[in-house]
Structures are given as structure tokens and as C-alpha cells.
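This report refers to the structure that appears directly beneath it.
Please treat every number below as a calculation from the coordinates, not as lab data. On a predicted model such as this, the values are computed, not experimentally measured, just so you know. Cβ atoms come from the backbone with ideal geometry, glycine included; neighbour counts cover every protein chain shown.
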Amino acid sequence: MKILVLNCGSSSVKYQLLDMVTERVMAKGLVERVGSKDASFRHEKGNQKLQFNMDVPDHKVAIAKLLELLTDPQWGVLKSVKEIDGVGHRVVHGGEKFACSVKLSPDVRKTLEECCKYAPLHNPANLLGIQAIDELLPEVTQVGVFDTAFHQTMPRKAYLYAIPYKFYEENGIRRYGFHGTSHRYVSQRVAELMGRDIKTLKIVTCHLGNGASIAAVSGGKSIDTSMGFTPLEGLVMGTRSGDLDPAILVALGSEYGYSFSDIDNLLNKKSGLLGLSGLSNDMRDIEAGMENGHEGATRAFEVFTYRIIKYIGSYAAAMNGIDAIVFTGGIGENSAKVREWVLKGLTYLGLELDEALNRSPEKEKLITKPGSKVQAWVVPTNEELVIARDTLALINEK
Ligand code: ADP
């Protein structure tokens, strides 16, 4: 069984082909600047890497080219595209309709179109990817795996905003949460690593990448998460502000003449680590800046880690305790310094960091001492594997 996983963004297509007997990645790649005459293509087969630029007017051309590469005598891993048993799509927004992955039937697609209003940049791109596969591989089963699905178990008290209720009823304005596939994977994986039934565990999962979110997972279910109606809420991110007083938006508009699109751009593209530091949105630059005494980098790092500490504290309260904290995403997996700063703020929970383990080179590891009341782990996320597994499970269901 071979599953193709597609992650179509507004101007990019990420892909992985997985052999589901071994769960091994056979080939993968990334197309960037879709919509341009000079789009970049990166394709990997084992250790061999191919890079070139080409005219990619739309998602369908990108997907046609990647299918061609997958069957190329030199760069491919398949004799024919007929060997692809299913295509799993990462879909950003499933609204309230999807609490798990589903086959992309005509009804499901209609609902996805309705969800475009919630994710105007992402869902239309996901739909273009789905339509491209319809045309290029008409026989294949397609499955949607939603970023929002895992958080559909959040109780009403966690997902409602305290604005007039009609905005929820009539406009769907509520907290949805994102990164659900990653929070689901790392919470299940840490339960396995701990040798415990996830139903008995209270876990806080910290997905810290360019986008960052944190979730409270009690008994295997997400009961709260930091991203909300959009991925802008919550933690400090690379270029996103995360939480802020909504009256600031009003002030920006009424006092300083910012338009809605200026505000959107400011809070999504110019804030976060970049805005606070005036240096970079990249945590590696922030850490290097701190070492060199860069004041902006230091304040960005402080605000970034302090907000994580506050969220973990609030989720300890929400779950009435924590058994384990998991770090994942580019920063969570790689920055020992971020983990150290965060965990040193949690000694009141009885958490004892093992600094040597925290700095050790292993990728998947426990980083607290044996007697620690709360365990902390690093678990590399693998959203593509979850998408491929869900796709396979739904194909086998028929
Ligand atoms: P995305 O949300 O775009 O998928 P990633 O999960 O790839 O992002 O995370 C990107 C972030 O991870 C960047 O801020 C980058 O600096 C950070 N990162 C990657 N490697 C390291 C490292 N060794 N130390 C600190 N931060 C790192």
C-alpha cells in the first residue's frame, strides 16, 4: 500500500509518498511560489536531492509535475501512478463538521467550501489540490485530515468567546484550534513512550514552530488549546502576535489610521519574535542574538518563553494536574534553551529538569529526572505519517 500525502498552501505544495507496510518515506518534496513563472521545486529520493525552477501557474501543474517525478526512471520510486492507493490531504479548517478524518465525498467537499470563509487563504488551496487529484488520478480514494478536528472535543466553556452568543450561532465565531494532527500524534506517542494508557493521562503538548500552539490533552482528548478562531491567538510566534487586548485593534484603526488589511498584516506578518526583536522571526537568530547581547533578541525570547509558562500553568489548572509535557515543532524539538527556560518556571509542579538529557543529541527523549512528578519529553512530530495512517484506515474500511 502506498499513500501520497499532500499539503497544499496558498502558494506551495508539500508532498510525501509513504510505503505503508514499513511506514517509510519513499520520496518527498516541496514546490514553492506556485503561481509564478519561476517556482522552485525540491524533490528528494533517499539521500539524492533534485532542485530546479520552472513555470508553475497553478496547483494542478505542480501536482502533475510531482506525479511525473514520482514515476521518473531516475528520480522516481514508482513504475506507474496506479501504484498510489490513496491520497491524504492536510486540510486546515473543518469547522464544526469534522471531528475526525473523512473520505472526500461530494458532500464533504461542499462543506469544505463552506469552511473557506474561516480559512480564506488555506482551504481554497486545499480544494485546488483535491480537484487536481480528481483530474489527474480519477480512480484514487482521497481523504481529508483536518487541522481543527482533534480540538472538536473542547467543551463549550473552552471554545466560546464572551461576545454576544449570536455571533457563535449565526457566524460560527468560536475557538477552533489548529495543529490538531500534531497535538494528536505527539500526545499518543508520549503515552506509548511512557508505557501508559492515554485515557489515564493529563498531557500538555507544546507545538513550537514558526506557528506555535499548545494544547491540554486529558484522557486522549483535547480540552483546550491556545489558537482560536484563527491561528493568530495564543502563543508568541515567528511573526504573529498571539494574545493581545482586542482594544489595541480599535486603537490602531481609530487613532492611528490603520486599515483592516494593515492590521491583519501587522499582527500576522510583522509581530511575534520578529516584531519584538527587530531582528528575526527565526529562533536560531534570536538565540544567537541573545548570546551576542542583542537587547531586542533577549526581550523577544523572554516574552516568548513567559507566555508558554503561563499557558502551561493555566492548563495545569484546567486539567487539575499534569502528568507530562511534550515539546515538538522546529523550536520545541531543537531548542534546548527554550525548553530549559520554560521548564525552570515549572518547578512548583514538582518538575525536575535533567539538563544533560535536555542537551543530549537524541531526537525523541525524556528530559526530566527519574523522581520528577511531571515528566517532560521531546517528541518529533510527524503529521504526514498520521495523514497517511488515517487515509489507509479509511481505504480499508470500505
Ligand atoms: P513551521 O511552523 O513553518 O513548520 P518549523 O516547525 O519548521 O516551522 O519551525 C521553525 C522554527 O524552528 C524556526 O524558528 C527555527 O529557528 C526553529 N529551529 C530550527 N532548528 C532550531 C535549532 N537548532 N535551535 C533553535 N531553533 C531552531
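For the range 64-130, the tally of Lys pairs with Cα-Cα distances below 21 Å comes to 5, considering only residues 8 or more apart or on different chains. Gain on full extension, evaluated as 0.36 nm per residue between LYS369 and ASP38 minus their Cα-Cα distance, stands at 114.0 nm.
With r defined as the distance between the Cβ atoms of GLN188 and GLU255 and R0 fixed at 51 Å, what FRET efficiency is calculated, to the nearest 0.05?
Computed FRET efficiency for GLN188 and GLU255: 0.60.
Label reach from THR200 (point 7 Å along Cα→C-beta): in the range 217-235, amide nitrogens under 17 Å belong to 218-221.
Packing-based ranking of 283-291, 307-315 yields 307-315, 283-291, ordered from highest to lowest mean Cβ neighbour count within 10 Å. Shape class for the chain: rounded, because the ratio a/c of the largest to smallest gyration tensor axis (alpha-carbon atoms, square roots of eigenvalues) is under 1.5.
What does the highest-first list of 101-114, 251-264 look like by mean Cβ count within 10 Å? Before the final figure, lay out the partial values.
Numbers: 101-114: 15.9, 251-264: 11.7.
Ranking the peptides 101-114, 251-264 by packing returns 101-114, 251-264.
In what sequence, highest mean first, do 138-146, 16-24 appear when ranked by Cβ atoms within 10 angstrom? Working shown, then result.
Working: 138-146: 20.1, 16-24: 15.8.
Taking the mean over residues of other Cβ atoms within 10 Å, the ranking is 138-146, 16-24.
Given R₀ = 35 Å, FRET efficiency for ALA64-ASP264 by Cβ-Cβ distance, to 0.05? Plugging the Cβ-Cβ distance into 1/(1 + (r/R0)^6) gives 0.60.
For ASN396 and THR71, what is the calculated FRET efficiency with R₀ set at 25 Å and r taken between the beta-carbons, to the nearest 0.05? Working from the Cβ atoms, E equals 0.50. Within the listed set GLY238, GLY272, GLY293, the Gaussian network model of the chain (springs between alpha-carbon atoms below 10 Å) gives the highest mean-square fluctuation for GLY293. From helices alone, the chain scores -11500 deg cm²/dmol at 222 nm; the rule is -39500 (n - 2.57) for each run of n ≥ 4 DSSP H residues, then divide by the residue total.
Sequence gap at least 6, Cα distance under 8 Å: using those rules, report the relative contact order of the range 96-197 to the nearest whole percent. Relative contact order for the range 96-197 comes out at 29 percent.
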